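All remarks here apply to the structure that follows.
The values are calculated or read from the model by the stated rules, or taken from the named source; none is laboratory data. Quick caveat: nothing in here was measured; it's all calculated off a predicted structure. Here the Cβ positions follow ideal geometry from the backbone for every residue, glycine too, while neighbour counts run over all protein chains shown.
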Amino acid sequence: MGTKHRLSSRLVFALFRDWVKYSLTLEYISHKYKIGIKTLYLRFKVFIKHPPSSKEYLKQILSTKSQKQFSGYLHIDGDYFGERVLIVYWDSKGDLLFWSWARSETLEQMQLDIKTIIENGYSIKSIVSDGRRSVKTIKNQHLT
């Protein structure tokens with residue numbers, strides 16, 4: 001039997017994120033962090049059954065890491081799925097920060113998303129994108 005210790009919600013979120021991001025096995029995480037597989041399963045089940053909204057996820061990711069662990073170089077990209085686009089925002093160090101669904105990659109949607117990202121504590125040094133006009137406008141507004 002393993003030793004009993006409390007798992008902070010920050011640690012559980014960080015482990016869950018790494019489990020998904022790096023395709024880790026529960027056995028690996030259990031061995032590395034000395035946490036039972038059953039405990040991991042029960043704690044991860046919450047995220048699977050009730051995934052966080054993009055705002056909840058942003059707050060969690062920013063609270064689990066210090067600002068020094070983010071580069072400040074915000075990448076933006078949109079992928080179309082039928083008539084909708086998924087706009088994704090991530091730090092150049094690889095961390096997904098935020099996402100939103102829209103009918104198209106509009107200036108208004110991206111301004112709203114970036115405002116949310118900044119208000120939650122992410123410091124933007126630069127914005128990297130595929131060169132769409134709306135992103136160029138946002139760069140001029142937030143970085144000049």
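Considered as a group, the residues in the range 21-50 that are of a type in the set (A, V, I, L, M, F, W, C) and closer than 18 Å to S63 by Cβ include one that is surrounded by the fewest Cβ atoms within 10 Å (Cβ to Cβ), and that residue is V46. Among the residues of the range 41-62, those that are at pLDDT 90 or above, within 21 Å of D95 (Cβ to Cβ) and not β-branched (V, I, T) comprise R43, F44, S53, S54, K55, E56, Y57, L58, K59, Q60, L62.
Tell me which residues, restricted to the range 59-88, are under 18 Å from A102 (Cα atoms) and either part of a helix (DSSP H, G or I) or touching a Lys or Arg at 6+ places or on another chain (Cβ under 9 Å) (or both). Matches in the range 59-88: I76, G78, E83, R84, V85.
Restricted to the range 7-24, and to residues there that are of a type in the set (A, V, I, L, M) and not in a helix (DSSP H, G or I), the residue that is nearest to the chain's Cα centre (by Cα) is L24.
In the range 94-109, the residues that are at pLDDT 90 or above reach residues that are small (G, A, S) with C-beta atoms within less than 6 angstrom, at least six apart or across chains, in these pairs: F98/S54; W99/S54; Q109/A102. Of the residues making up the range 25-39, not a single one is part of a loop (DSSP other than H, G, I, E, B), touching a Lys or Arg at 6+ places or on another chain (Cβ under 9 Å) and among the charged types (D, E, K, R). Taking first residues from the range 74-86 that are closer than 17 Å to Q111 by Cβ and partners that are among the β-branched types (V, I, T) and part of a loop (DSSP other than H, G, I, E, B), the Cβ contacts under 9 Å between residues at least 6 apart in sequence or on separate chains come to L74/I124. Out of I138, I124, one residue alone is closer than 29 Å to T64 by Cα, under 16 Å from the mean Cα position of the chain (by Cα) and at pLDDT below 95. It is I124.
Looking only at the range 60-114, residues that are among the β-branched types (V, I, T) and farther than 26 Å from Y22 by Cα come to 2 in all. (1) within 22 Å of L11 (Cα to Cα); (2) touching a His at 6+ places or on another chain (Cβ under 9 Å); (3) assigned by TED's automatic domain parsing to the domain that holds Y122: which one isn't true of I35, the others all being true? It fails just one condition, (3). Within the range 109-121, the set of residues being under 18 Å from D77 (Cβ atoms) and charged (D, E, K, R) comprises D113 only.
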